[in-house]
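Here is the structure we will look at.
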Amino acid sequence: VAKTDSKQYRVTGLGLDYPSIKDGKRRIRVTGDVVDDIPPNDISWLLQQEAIAEVDGSEPVTEDSEGGDAPEAGDG
Amino acid sequence: MPFMHGSKAKAYLNGRDVSPYLRSIGASSELDTASVDVMGGTYKQSVTGLLGANVNMQGYIDGASGASDEIFGPAGAFQSTNYAYLIYAPQGNVEGSFGYGYAAWPGGYEMTTDVGDAGSFTWSATSDVGLERGRLVHAYEAEGAGGTNPSVSTGFDDGAASTLGGSAYLSVGASAASLAVTLSSSTATNGTYTTFATFTTTSAAYTQQRLVIAPTTINQFVRCVWTGTGTFAVLFHRN
């Protein structure tokens with residue numbers, strides 16, 4: 001059973017394509033999407049390259065989420 | 001990759017495969033040097049200046065609609081007010097193989113018709129971006145659905161990451177429908193890929209785009225992802 005990181009991250013780069021730690025299937029996410037199933041080993045370099053940013057749990061809705069930026073769509 | 005015969009070379013000019021009209025392609029590059037000889041020295045000394053690149057093609061005249069004369073001559077690239085975008089693949093249209101990209105100004109179109117020979121032409125152009133060597137991350141071929149090259153779980157291994165950006169060429173052929181192409185990179189072949197270049201979505205046939213990729217980290221493994229359909233080639237060059 002895959003472990004999930006409780007932390008959420010917002011895609012801040014041009015997009016992301018990764019194997020989900022939930023089921024191993026690849027996910028494609030675009031700028032603004034919020035994700036919580038990125039492989040843990042990739043998080044540090046993704047943060048470093050500003051491809052993702054940590055979502056502040058106390059402020060789930062940010063100013064740039066116009067019109068209700070729903071969390072990610074279904075995992076398909 | 002082994003040696004290959006010159007007849008396998010391919011060239012895509014403003015989205016068109018022009019190879020069927022050509023008998024030879026000459027691509028040259030040069031680096032300006034300036035003498036800085038001073039008294040007391042033993043050997044001539046120089047400093048380097050700007051890089052340049054030229055391309056010269058020789059082929060046969062075909063006056064049909066959309067054929068060589070319309071592509072290379074005054075009706076096409078020759079008198080265009082835009083760059084002639086060219087992807088040149090010396091060892092053929094092979095996915096993952098190397099190629100060169102040009103954003104060039106045509107400098108000459110010369111036709112020759114001789115009583116003893118086939119009508120032929122020469123076409124030359126000078127690139128404003130030097131000779132950009134890269135990899136064909138998508139060969140010039142038709143796609144009927146979205147996909148990923150080299151595959152959904154791998155990438156082309158460029159050996160190392162880079163931080164200086166680069167450029168990318170998209171050459172769209174006879175058809176395209178909502179064709180959207182991106183390039184992404186990862187630290188591992190089956191890892192997490194981040195998009196670093198996005199071409200403008202297009203449905204226009206025979207078009208070409210060149211993206212300048214600003215200095216940024218491009219990881220070791222690179223792949224091409226697209227949605228929509230069309231015939232197209234993609235060349236990626238690292239600075």
Here D for the range B:200-239, in µm²/s, from Stokes-Einstein with a Kirkwood Rh over Cα pairs at 4 °C and 1.567 mPa s, works out to 103 µm²/s
The alpha-carbon center of the range B:110-146 and that of the range B:176-239 are separated, in whole Å, by 22 Å
Taking every residue of B:186-193, the Cβ atoms of other protein chains inside 10 Å of its Cβ average out to 6
Checked the range B:26-162 with the C-alpha gyration tensor, a ≥ b ≥ c its square-rooted eigenvalues, rounded below a/c of 1.5, otherwise prolate if a/b is larger than b/c and oblate if not; verdict oblate
Residue separation between B:A160 and B:T122 times 0.36 nm, minus their alpha-carbon distance, gives in nm 9.7 nm
Relative contact order as a percentage, the range B:1-103, C-alpha pairs under 8 Å and 6+ apart, gives 30 percent
Using alpha-carbon positions, the gyration tensor of the range B:126-199 gives root eigenvalues a ≥ b ≥ c; with a/c under 1.5 called rounded, otherwise prolate if a/b exceeds b/c, else oblate, the class is oblate
Largest first and rounded to whole Å, the semi-axes √(5λ) derived from the alpha carbon gyration tensor of the protein assembly as shown read 42, 25, 17
Checked chain B against the a/c 1.5 cut and the a/b vs b/c comparison, axes a ≥ b ≥ c from its Cα gyration tensor; verdict oblate
Any lysines whose Cα falls less than 19 Å from that of A:K7, other than same-chain ones fewer than 8 residues away, would be A:K22
Residues other than B:T216 with Cβ under 13 Å of its Cβ, Lys/Arg counted +1 and Asp/Glu -1, net out at 0
Under the 7 Å Cα-to-Cβ spin-label approximation, B:A214 and B:S175 lie apart by a distance in nanometres of 3.8 nm
Simple spin-label estimate for B:V152/B:Y60, 7 Å along Cα→Cβ, in nm, reads 4.5 nm
Per the 1/(1 + (r/R0)^6) rule, R0 = 22 Å and r from the Cβ atoms of B:A67 and B:T201, FRET efficiency to 0.05 is 0.15
By Cβ neighbour count within 10 Å, fewest first, A:D37, B:D37 rank B:D37, A:D37
Rounded to the nearest 500, the 222 nm mean residue ellipticity computed for chain B from DSSP H runs (n ≥ 4, each -39500 (n - 2.57)) alone is -500 deg cm²/dmol
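Laboratory data are not the source of any read-out in this text; all were calculated from the coordinates shown. Given the structure is predicted, the values throughout are model-derived calculations rather than measurements. Cβ atoms come from the backbone with ideal geometry, glycine included; neighbour counts cover every protein chain shown.
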